[in-house]
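The values are calculated or read from the model by the stated rules, or taken from the named source; none is laboratory data. Note that the structure is predicted; figures quoted are calculated from it, not measured. Glycine also receives a Cβ, built like all others from the backbone with ideal geometry; neighbour counts cover every protein chain displayed. Each accessible area value is taken on the protein alone, full model and side chains, heavy atoms only, with ligands, DNA and RNA left out. Shrake-Rupley method; radii C 1.70, N 1.55, O 1.52, S 1.80 Å.
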Amino acid sequence: MDISRILTPRRVNLALTATSKEEVINELTELLYQDGAISDREAFIADVWLREAEGSTGFENHIAIPHGKSAAVRQTTLAIGRTQQDIPWETLDGSQVRCIILFAVRLEDQNTTHIRLLSQVASALADDEVIAQLLAENDPSNIIRLFSQYAETDLC
């Protein structure tokens, strides 16, 4: 999947001002809303919180991957943000979160595109060098390239 076809620099904010999980989700949702990827902020946020209630989406190494499968999503995509300070989030390794990858998934993509996209992101996050760059890189285009190198095939 060519991630650069669904993730643009407009959906990457490497200077989030959020100080809580709620603020992070709100800020990243706003990016998606402003860029036309979702039609209804409140409905999408409600769906993200429904998923969070099923189990935390904290990963490890200061990364979280919250997601919303929602009728409010016009285009399955990602928003990536990095906070200026650590955010409390339930993670696999107990670390605080600084980089958040928010999945926005159309209901009709939840068993296809979503799975391929999640697999591609998970493969990238298994690479310690990718993690280091996610936490330090300041150019949104370079962040997108980090994930693009893990493309399996162009399925999008």
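Points worth noting:
- Its alpha carbons give region 1-71 an Rg and a Dmax of 12.4, 33 Å.
- q = 0.08, 0.16 Å⁻¹, the chain: log10 I(q)/I(0) [Debye, one scatterer per Cα]: -0.18, -0.82
- Highest GNM mean-square fluctuation among 13, 111, 138, for the chain modelled with Cα contacts below 10 Å: 111.
- Summed residue charge, Cβ within 12 Å of residue 47's Cβ, Lys/Arg positive, Asp/Glu negative: 0
- Kyte-Doolittle mean at least 0.0, axial Cα span of 24 Å or more - DSSP H helices of the chain: none
- Total formal charge among the other residues, if their Cβ is under 14 angstrom from that of residue 9, Lys/Arg +1 and Asp/Glu -1: +2
- When the Cα positions of 148, 122, 33 are compared along the charge dipole of the chain, 33 comes out farthest toward the positive end, with charges on each C-beta of Lys, Arg, Asp and Glu.
- Taking every protein chain into account, the accessible area of region 64-112 amounts to 40 square angstrom per residue (probe 1.4 Å).
- Charge dipole magnitude, Cβ of K and R +1, D and E -1 - region 82-156, Cα centre, debye nearest 20: 200
- For the chain, built as a Gaussian network whose Cα springs stay under 10 Å, the top-fluctuating residue of 40, 86, 128: 128
- With every protein chain in place, region 45-156: carbon and sulfur % of accessible area (1.4 Å): 48
- Note on the chain: with a GNM built from Cα contacts shorter than 10 Å, the maximum mean-square fluctuation among 28, 118, 16 falls on 118.
- Rolled with a 1.4 Å probe across the full set of protein chains, the surface gives residue 114 an accessible area near 10 Å².
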